[in-house]
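What follows is one structure encoded as structure tokens, with my remarks underneath.
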Amino acid sequence: MKLEQFTRFEGSERMRLDELLEHPSTIFPRGKTIIGVGDKVDNIHLITKGLATRSKTLRDGSRQLMAFLVPGDLCDVEVFILEAMDHDVVALAETTCVLIPASEMEKLLTESSNLTRAMWWSTMTDSAVLREWIVNHGIRDALQRMAHIFCELLIRHRIVGQGGDNIVPFPLTQEELAEATGMTPVHANRMIQQLRSDGLIELNNKVLVVLDFKRLSELGQYDASYLHLVRTERADPSIRDRVGDLVPPSPSGILQGAWEAVKHPFGKSAD
């Protein structure tokens, strides 16, 4: 579902993706390190359920969360090149990962195919998220940072068919949210209360409800272009419209749609 934001797949390509999901999976409880700094792994972890984070921990125990990982995200695709992780990936909720052999992923990422390009799009988008978080910590104020993270979580969940009615799971503690925004837990709580009192969000029982995305995105100066949602204009509404009400089509998406129309002049097959 995530990769289809970039391009449409033929039936054989979908089958190949399905085959990846047939590999064994592991459930990581909340707080468990999925991959640690210095780990050399034989399998690439693909999240299919839950929520995880990329993080770095200093010697004094202080921790910085650098990005969230939602279903459809690969945790450690770079390991087959770098050999060892330079940060931790930690489960923020009970998280299920499919373990894809690194050799199989390397083959997929080094061949020339539509699926390979989609995989590289996904990998480069993950890097773009890290860059956006640098901006978030660097020049946005505390309230903008909080609004920005809520917008991102909603859109990224909607991409993979979650977040209906603008409701997304939100298992983060106040401390974890502070670690993700560079605030103290007390200050993070003040920002949440401000967004609540302004009628922009509800946050109860580990569930986030975005009440007014337009105002929330304006407050956070949120621009989803860093997610590179090159949705094809001829894609099924079930693909395009998952985030279509939150993110308008980009010019590149329109061009991608024209290319898809040339490749598939008679529309999408039943499979």
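Quick rundown of the values:
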| quantity | calculated |
| --- | --- |
| Check on VAL37, of a type in the set (Val, Ile, Thr), assigned to a loop (DSSP other than H, G, I, E, B) and closer than 30 Å to PRO249 by Cβ | no |
| Qualifying position, being part of a helix (DSSP H, G or I) and open to solvent by less than 30 Å² (accessible area, probe 1.4 Å), among THR116, THR96 | THR116 |
| Hits in the stretch 187-214 - residues which are of a type outside the set (D, E, K, R), open to solvent by 40 Å² or more (accessible area, probe 1.4 Å), modelled with pLDDT of 95 or more and outside any strand (DSSP E or B) | HIS187, ASN189, GLN193, GLN194, SER197, LEU211 |
| Residue pairs meeting the criteria (Cβ under 9 Å; at least 6 apart or on separate chains; first assigned to a helix (DSSP H, G or I), in the stretch 1-16; second basic (Lys, Arg) and surrounded by 20 or more Cβ atoms within 10 Å (Cβ to Cβ)) | GLU4/ARG231; GLN5/ARG231; GLN5/ARG242 |
| Verdict on PRO24 being surrounded by 13 or more Cβ atoms within 10 Å (Cβ to Cβ) and out of contact with any Pro (no Cβ under 6 Å at 6 or more places or on another chain) | no |
| Flag if ASP60 is exposed (fewer than 14 other Cβ atoms within 10 Å of the Cβ), assigned to a loop (DSSP other than H, G, I, E, B) and charged (D, E, K, R) | yes |
| Among (1) free of Cβ contacts under 8 Å to residues at least 60 places away in the same chain; (2) under 19 Å from ARG117 (Cα atoms); (3) part of a strand (DSSP E or B); (4) open to solvent by less than 20 Å² (accessible area, probe 1.4 Å), the one test that ILE44 misses | (1) |
| One residue from GLU218, GLU202, GLU179 being in contact (Cβ under 8 Å) with a residue 60 or more places away in the chain and of a type in the set (D, E, K, R) | GLU179 |
| Residue selected from the stretch 71-89 under the condition closer than 12 Å to HIS45 by Cα and modelled with pLDDT of 90 or more, by the criterion most open to solvent (accessible area, probe 1.4 Å) | GLY72 |
| Evaluation of SER217 against (1) surrounded by 19 or more Cβ atoms within 10 Å (Cβ to Cβ); (2) modelled with pLDDT of 95 or more; (3) not aromatic (Phe, Trp, Tyr); (4) not in a helix (DSSP H, G or I) (one fails), failing number | (4) |
| Pick from the stretch 221-231, criterion touching a residue at least 24 places away in the same chain (Cβ under 8 Å) and open to solvent by 40 Å² or more (accessible area, probe 1.4 Å), ranking: nearest to ASP141 (Cα to Cα) | GLN221 |
| Hey, VAL168 farther than 28 Å from LYS56 by Cβ, outside any loop (DSSP other than H, G, I, E, B) and touching a residue at least 24 places away in the same chain (Cβ under 8 Å) or not | no |
| Residue within the stretch 223-240 that is in contact with a Leu (Cβ under 6 Å, 6 or more places away or on another chain), modelled with pLDDT of 80 or more and in a helix (DSSP H, G or I) present | no |
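Condition check ((1) in contact with a Ser or Thr (Cβ under 8 Å, 6 or more places away or on another chain); (2) open to solvent by 60 Å² or more (accessible area, probe 1.4 Å); (3) over 30 Å from THR26 (Cβ atoms); (4) in a helix (DSSP H, G or I)) across all residues:
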{"residue": "ILE100", "(1), (2), (3), (4)": "no, no, no, no"}
{"residue": "SER103", "(1), (2), (3), (4)": "no, yes, no, yes"}
{"residue": "SER122", "(1), (2), (3), (4)": "no, no, no, yes"}
{"residue": "ALA128", "(1), (2), (3), (4)": "no, no, no, yes"}
{"residue": "ASN136", "(1), (2), (3), (4)": "yes, no, yes, yes"}
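The values are calculated or read from the model by the stated rules, or taken from the named source; none is laboratory data. Being a predicted model, the structure only gives us computed values, none of them experimental. Here Cβ is always computed from backbone atoms with ideal geometry, including for glycine, and neighbour counts include all displayed protein chains. For the accessible areas, the whole protein counts, side chains as well, though only heavy atoms, and no ligand, DNA or RNA atoms are used. Shrake-Rupley method; radii C 1.70, N 1.55, O 1.52, S 1.80 Å.
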